[in-house]
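Here's the structure, in structure tokens; my notes come after.
The values are calculated or read from the model by the stated rules, or taken from the named source; none is laboratory data. Quantities reported herein were computed from a predicted structural model and do not represent experimental measurements. Here the Cβ positions follow ideal geometry from the backbone for every residue, glycine too, while neighbour counts run over all protein chains shown.
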Amino acid sequence: MIDPADGGVVEQRSRSEVHRLGLWHQVFHCLIVRPGAATVVLQRRSRVKAAFPDKLDLSATGHLEAGESALDGIRELQEELGVEVELSALVPLGTRLLADNGGEGHNRELVHLYLLADDRPLDAYHPAADEVSGLVEIQATDLLGLVGGQQASAEVAEWSPEAGHQTHTIDRRALVDDTNGYWIVVAVMAERFLRGVAPLAI
């Protein structure tokens, strides 16, 4: 549990209690961008996840443990996607407060968001089956169009260990629920990064 004003730890509670009581806590979010293709990589959440099963989410997300710094969240890339990256590769976009009542309950998060430029193909990842069922690649401009309401659908490339490679079309409903325009902010920053435009901040 943290103080949302400064991110300082107030006390330690279990994850279930944090969500049941709607206590503020810290999370790590990372969106992988592929500069060579001008795309972003989304994860398809496992069907067994309590929150937003089978929905498309940022590349890697997770709760920070008590005593961890924001950068310690880089372990989520290993735990969820089976890849190791250097801390220096992360591009910090800042923090943002998000609050909703979906998924696991009363969710009150201080989000630490990062971009990661990585051109490896989807089948080079090793997703953890209980966390991620597959990976989706979408043009950054299409993602922005979807979440901004400028387009109704977009073609994506999807890969999973079970089904292999496939191409299909998604609409906005394929993504996890939006909170206070967070998807738009993330998509704008990814598109700006790929065009070499600064500043980058949420």
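Of all residue pairs spaced 6 or more apart or on separate chains, those with beta-carbon atoms under 9 Å, a first member in region 132-161 that is free of Cβ contacts under 8 Å to residues at least 24 places away in the same chain and under 27 Å from residue 82 (Cα atoms) and a second member that is in a loop (DSSP other than H, G, I, E, B) and of a type outside the set (Phe, Trp, Tyr) are 142/151. Using the structure shown, decide if residue 202 is part of a loop (DSSP other than H, G, I, E, B) and either surrounded by 20 or more Cβ atoms within 10 Å (Cβ to Cβ) or of a type in the set (Val, Ile, Thr) (or both). Yes; evaluated as a whole, the condition is true for this residue. Quick one: in region 56-79, which of the residues that are charged (D, E, K, R) and at pLDDT 95 or above is surrounded by the fewest Cβ atoms within 10 Å (Cβ to Cβ)? Going through the qualifying residues, I end up with 79. Determine whether region 166-185 contains at least one residue that is buried (at least 18 other Cβ atoms within 10 Å of the Cβ), in a strand (DSSP E or B) and out of contact with any Leu (no Cβ under 6 Å at 6 or more places or on another chain). Yes, some residue in region 166-185 is buried (at least 18 other Cβ atoms within 10 Å of the Cβ), in a strand (DSSP E or B) and out of contact with any Leu (no Cβ under 6 Å at 6 or more places or on another chain). Scanning region 76-95 for residues that are under 17 Å from residue 35 (Cβ atoms) and either polar (S, T, N, Q) or assigned to a helix (DSSP H, G or I) (or both) gives 88, 89.
Selection within region 119-143: residues that are among the aliphatic types (A, V, I, L, M) and in a loop (DSSP other than H, G, I, E, B). The member of this set that is farthest from residue 76 (Cα to Cα) is 129. Can you tell me which residue is nearest to the chain's Cα centre (by Cα) among those in region 56-80 that are more than 8 Å from residue 28 (Cβ to Cβ) and among the hydroxyl-bearing types (Ser, Thr, Tyr)? So the residue we want is 59. Entry remark, region 99-111: residues being surrounded by 15 or more Cβ atoms within 10 Å (Cβ to Cβ) and not charged (D, E, K, R) number 6 in total. A Cβ distance below 6 Å, combined with a sequence gap of six or more or placement on separate chains, defines the contacts here; from region 39-57, residues that are in contact (Cβ under 8 Å) with a residue 60 or more places away in the chain and on the phi > 0 side of the Ramachandran plot reach residues that are among the charged types (D, E, K, R) and surrounded by fewer than 21 Cβ atoms within 10 Å (Cβ to Cβ) in the pairs 54/47. Applying the criterion of being of a type outside the set (Val, Ile, Thr) and loosely packed, with under 15 Cβ neighbours inside 10 Å to the residues of region 39-55, the residue that is farthest from residue 137 (Cα to Cα) is 50.
Yes or no, residue by residue, for (1) surrounded by fewer than 16 Cβ atoms within 10 Å (Cβ to Cβ); (2) within 26 Å of residue 171 (Cα to Cα); (3) under 12 Å from the mean Cα position of the chain (by Cα); (4) touching a residue at least 60 places away in the same chain (Cβ under 8 Å):
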site	(1), (2), (3), (4)
28	no, yes, yes, yes
95	no, no, no, yes
113	no, yes, yes, yes
118	no, yes, no, yes
123	yes, yes, no, no
